1. Using a 1.4 Å probe and ignoring any ligands, DNA or RNA, find the accessible area of residue 117 and quote it in Å² to the nearest 10.
2. Mind pulling the per residue volume of the convex hull built on the Cα atoms of the stretch 91-183? Å³ is fine.
3. As a test of the definition: which semi-axes, in Å, follow for the chain when you take the square root of five times each eigenvalue of its alpha carbon gyration tensor? Largest first, please.
4. If ligands, DNA and RNA are left out, what is the accessible area of residue 21 with a 1.4 Å probe, given in Å² to the nearest 10?
5. Take the chain, connect every pair of alpha-carbon atoms lying under 10 Å apart with a spring to form a Gaussian network, then pick out the residue of 119, 93, 37 with the largest mean-square fluctuation.
Amino acid sequence: MPGTSGDRRWSASMPDAYEQYLVPVVFRPFAEDLAARATALHPGRVLELAAGTGALTSILLTEAPSAEVTATDLNEAMVAFGSARATGAAWRRADAQRLPFPDGGFDLAAAGFTVEDERELTLEGRAASTADLATGYLTGTPVRLAVEERGGGPTVRATVIEEMTARLGTGPAVAPMTAYVFRAASVPRRRI
């Protein structure tokens with residue numbers, strides 16, 4: 001996987017900005033909800049895809065201490081950051097479309113999983129300021145490289161922060177965020 005386009009879009013400093021500015025606002029609210037849902041099922045093994053810096057991973061390790069947690073992410077910078085943050089999990093660099101695990105090890109289809117529940121979940125995201133939120137997206141995501149490739153890093157960042165602050169104000173930024181949550185369970189197989 002070295003040299004995949006997903007990895008080239010990330011630099012080693014992006015996870016710090018992602019963790020500081022985006023995790024508390026965008027990812028932690030959903031991580032807390034998802035961890036509560038998962039731990040209520042008393043999991044033995046958990047496979048987390050696109051784990052990022054480990055917001056959900058860290059909560060799972062605390063709330064489900066007996067579970068074996070494997071966290072994966074596409075890019076090495078996130079895996080390095082997450083593995084230092086959530087040391088109790090096994091961290092792997094992995095493309096969710098081509099997982100490096102044996103067949104049946106974590107396979108929803110091979111295990112006979114069926115969707116039992118699906119729902120739309122809206123939570124509130126809260127940023128300390130509009131500037132923080134803009135900084136997170138402009139420095140903690142691949143948007144950063146797109147802006148830098150065009151030679152406008154600091155100038156674009158200042159313009160975006162100015163425009164967002166003019167529209168949303170200087171104080172804390174609060175907005176609803178929506179995700180779709182699915183719960184699946186394995187169906188016992190009949191033996192013939």
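1. 40
2. On the way: hull volume 13.7 nm³, N = 93.
Each residue corresponds to 148 Å³ of Cα convex hull volume.
3. On the way: eigenvalues 226, 83, 42 Å².
Equivalent-ellipsoid dimensions as semi-axes: 34, 20, 14 Å.
4. Around 50 Å² of this residue is reachable by solvent.
5. Residue with maximal mean-square fluctuation among 119, 93, 37: 119.
The values are calculated or read from the model by the stated rules, or taken from the named source; none is laboratory data. Keep in mind that what you see is a predicted model, and the values were worked out from it rather than measured. SASA here: full protein model, heavy atoms, side chains in, ligands and nucleic acids out. Shrake-Rupley method; radii C 1.70, N 1.55, O 1.52, S 1.80 Å.
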